[in-house]
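Worksheet for the structure shown next.
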Amino acid sequence: MKSPYSYYVEPFDLNERPRRFLEAFGAILRHSNYGLVLDTYARTSAKCSRCAINCPIYENTRDVNDIPCHRSERVLRIFRRYFTLSGQLRSRLWNDFTLTDEYLDEMAEHLYHCTACRRCKFACPMGIDHGLITHLGRWALAEIGITPKALVVATREQLEGKTHNTSAIPVPALMDTCEFLEEELMEKYGLPIKFPIDVEGAEMVFFPAVSDYLLEPDTLMGNAAVMYATGGSWTIGTQNFDGIDYGLFYSDRMWDRIVKAEVAEVRRLKGKIALIGECGHASRSAKVGIPAFCGKDAPPVVNIMEYTHRMLMEGKLRLRPNTIKERVTYHDPCNIARSGWIVNQPREILRAICADFVDMSPRGTMNYCCGGGSGLVSVDEVRAWRTGAAGKRKAEQLRATGAKYLVAPCANCKKQLKEVIEDNNIEGMEVVGLHDLVIKAIDFSTAPTYAQDVAAKEEK
Amino acid sequence: MEAWLEFARGPLFRIAFFLMALGLLRHLVLTLYNVWRGMRRAGDKNLPWKTIFINTMKWLFPFKNLNNRLWYSITSVLFHVGLILTPIFLMAHIALWERVLGFGWPGLGRSAADALTLLTVVTGIMLIIGRAASRESRALSRFQDYALPPLLLVPFVSGFLAMHPSINPFSYTGSMLVHALSGDLILILIPFTKLAHMVLLPTTQLVSEVGWHFPPDQGVNVGIALHKENEPV
């Protein structure tokens, strides 16, 4: 039988799917705040189609199924029919919509044609957050087993596997990698920059996207160099060193468990802050999830770019201006930029070190998604869709900048943008992390005296 | 027909008005109650109040949001201006409101009221054409999306005709009866259709934010409800 989805799924129970879906949906509505949201959206949605203009995917495909409001209506329709009084009444009075297997299959396909970038939210006069509906719909589908296999397999390894991380990196391999990076830093900069492991009482416990240990050594070296130069107290925990949280993309139940594991590690090491590496979804899932799911005394969440920016502003990090001569541009990861959380900080850092920084347009809170958002970047079988339908708009934007370095401080965006560049034949552009460039510009000559600076100031 | 007209703008109007008021009050109270309940359950009690307020104001007075589909947006805003102001500030209506509410307020001059009415009718027709002509809107539209705008225009057209006997092909009483009945029907429909956004719109930005504020035990509870608490991932 041909699969109704463009992504692979694990075998799932085909019996009575509509009934089981409604059970799951009902349980979610009962125990969460989504009921209020759906109720309000179902009453106010005016079907004005303004969101279509803000969706880069619809702009490319011109397929009405890709209009954000059309996608959300698939979920709202089920809500109206089965979970509101008027829907139940209507279905008794005359033939009304009935949830079928085909309907679920179509919905499952289209909810994964959305990168949950939430750009459409700004176009909706009614304030409907279609990203939230995608988020909710995917959770309900996950409870009957319809989720891209790539996301489930990674989450399974993270929560129940031996290694407790999505890339299945064993602890000895992590230690080897860190040692190797330390040697590399010694060789390049002649400085004893450390990756502190399992240091109890360190202020910040570090959770990068774990794939950085395999794919982005330069970013990690940049992170460690900033910590060294600013005297930051940080550590990597061996029980949990993965900031990736696919729960944000397909199931709040998993989201909850993953952030709790992060907090447990911070507490084990007696840390005060969860420091998240250069990764959009890891940052947002922790920033939103940790205070939501982990109690009142949950540790605050800081993104490494926020830290670096603060150090720069406080004068504790000295960067050499105009170190990067080539043209540089910056891609806003939706998960940290859409809410306005991290927009200007990285730009101020880049302006401090780049001779030729250019911005894309639109940018910041109105940026275009890389096309791999909401976990789709991990779904390799949809690459053609990701770099075509979802990534073409981004590709045009990238080409227009003519930049040599594309700074994308997000593990998912990086992988996706590399593929966008390859599949759309953009010449001479290299995707890097923010700290890949920062490390080249750090003025280490003053760095070791930083502690003395502080002492001197305190004396005064 | 005179008796029917008296009924339509007397008892029926009062019933319709109170149905509307009660329905909208129910929407508003329930929404605010659920916002309060949602935030009481939520693990993270901090709401970005400033952002919510700014976004709400931006859409209540959407002058900065016109750039996306410019003509459609301007038409829509003008339509709403006419739709909101005319029924409230027309002299003849204020007398009617006084009968129900017991107090009145200053009204619009005759020519201003005429201009607002024509503006509403013209922009309303443009919106209907716009909806039917746009591929995206067609794909989204339900029955009520096509049916409500023409219905909203009926009292405007009939009221305008009644006030201008020289161009009115129908009798005054007939026009007024259509005017009053359609107005009553609209009032009754407001709480049951998307027109409810007239009170819910100021809450939607808040509601969306509350949606991202989760109860700490929602995942665990859903797991228990579905007997999945011990099931592997």
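Since every read-out is calculated from the coordinates, none of them should be taken as a lab result. Small disclaimer: the values here were computed from a predicted structure and weren't measured. Reconstructed Cβ throughout: ideal geometry from the backbone, glycine too, with neighbour counts over all protein chains shown.
Tabulated values for the structure
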{"read-out": "Cleavage-rule hits, GluC sites (Glu not before Pro), region A:193-280, DSSP coil, Cβ neighbours within 10 Å at most 16", "value": "A:GLU200, A:GLU203"}
{"read-out": "Packing-based exposure ordering (other Cβ within 10 Å, fewest first) of A:VAL358, A:VAL205", "value": "A:VAL358, A:VAL205"}
{"read-out": "With Cα atoms, 0 to 90° folded angle of helix A:17-31 axis to chain A main axis", "value": "60"}
{"read-out": "Model label zone, A:TRP341; criterion: amide N under 17 Å from point 7 Å along Cα-to-beta-carbon; scope region B:192-211", "value": "B:209-211"}
{"read-out": "Protection proxy ranking of A:426-438, B:110-122 - average other beta-carbon atoms within 10 Å, highest first", "value": "A:426-438, B:110-122"}
{"read-out": "Number of partner chain Cβ atoms within 10 Å, mean per residue of A:117-129", "value": "5"}
{"read-out": "Part-to-part distance (alpha-carbon centres) for region B:45-96 and region A:85-105, which is given in Å", "value": "34"}
{"read-out": "All-pairs alpha carbon distance profile, region B:2-225, 5 Å steps from 0, percent", "value": "1, 6, 10, 14, 16, 15, 12, 9, 6, 4, 3, 1, 1, 0, 0"}
{"read-out": "Average beta-carbon neighbours from other chains, 10 Å sphere, peptide A:289-302", "value": "3"}
{"read-out": "A:ILE197 long-range amide H proximity, modeled H, under 5 Å", "value": "A:ILE236"}
{"read-out": "From phi via Karplus (6.51, -1.76, 1.60), per-residue ³J(HN,Hα) for region A:304-318 in Hz, x at Gly/Pro", "value": "4, 5, 4, 4, 4, 5, 5, 5, 5, 5, 7, x, 8, 10, 9"}
{"read-out": "Nearest-ten-degree value, helix A:171-189 long axis tilted from longest Cα axis of chain A", "value": "50"}
{"read-out": "Sorted by Cβ density within 10 Å, fewest first, the residues A:THR84, B:THR123, A:THR219", "value": "A:THR84, B:THR123, A:THR219"}
{"read-out": "Kyte-Doolittle at least 0.0, axis length at least 20 Å by Cα - qualifying DSSP helices, chain B", "value": "B:11-41, B:70-89, B:110-133, B:143-163, B:172-189, B:197-211"}
{"read-out": "Under-5 Å amide H pairs with A:VAL431, H placed in peptide plane, nonlocal only", "value": "A:LEU406"}
{"read-out": "Binned Cα-Cα distances of region A:33-162, short to long, each 10 Å bin given as a whole percent", "value": "12, 38, 34, 13, 2, 0"}
{"read-out": "Helix A:101-111 axis, angle to chain A major axis (alpha carbon atoms, nearest 10°)", "value": "30"}
{"read-out": "Anchor A:LYS325: aspartates and glutamates whose Cα lies under 17 Å away (excluding residues fewer than 8 positions away in-chain)", "value": "A:GLU348, A:ASP356, A:ASP359, A:GLU430, A:ASP436, A:ASP443"}
{"read-out": "Hull shadow area, averaged, region A:162-312 [alpha-carbon convex hull, nm²]", "value": "8.4"}
{"read-out": "Relative contact order (%) - criterion: Cα under 8 Å, at least six apart; region: chain A", "value": "15"}
{"read-out": "Estimated dipole of the protein assembly as shown in Debye, rounded to 20 [Cβ of Lys and Arg +1, of Asp and Glu -1, Cα centre]", "value": "2340"}
{"read-out": "Rg/Rh for the protein assembly as shown, where both radii come from Cα atoms and Rh is the Kirkwood radius", "value": "1.04"}
{"read-out": "Region A:318-441 - percent relative contact order, Cα under 8 Å, separation 6 or more", "value": "32"}
{"read-out": "Average beta carbon contacts from partner chains per residue of B:200-207, 10 Å cutoff", "value": "6"}
{"read-out": "Volume per residue that the Cα convex hull of region A:266-401 spans, once the total is divided by residue count, Å³", "value": "141"}
{"read-out": "The protein assembly as shown: antiparallel DSSP beta bridges as a percent of all, rounded to 5", "value": "5"}
{"read-out": "Neighbour-count order for A:TRP94, A:TRP255, fewest beta carbons within 10 angstrom listed first", "value": "A:TRP94, A:TRP255"}
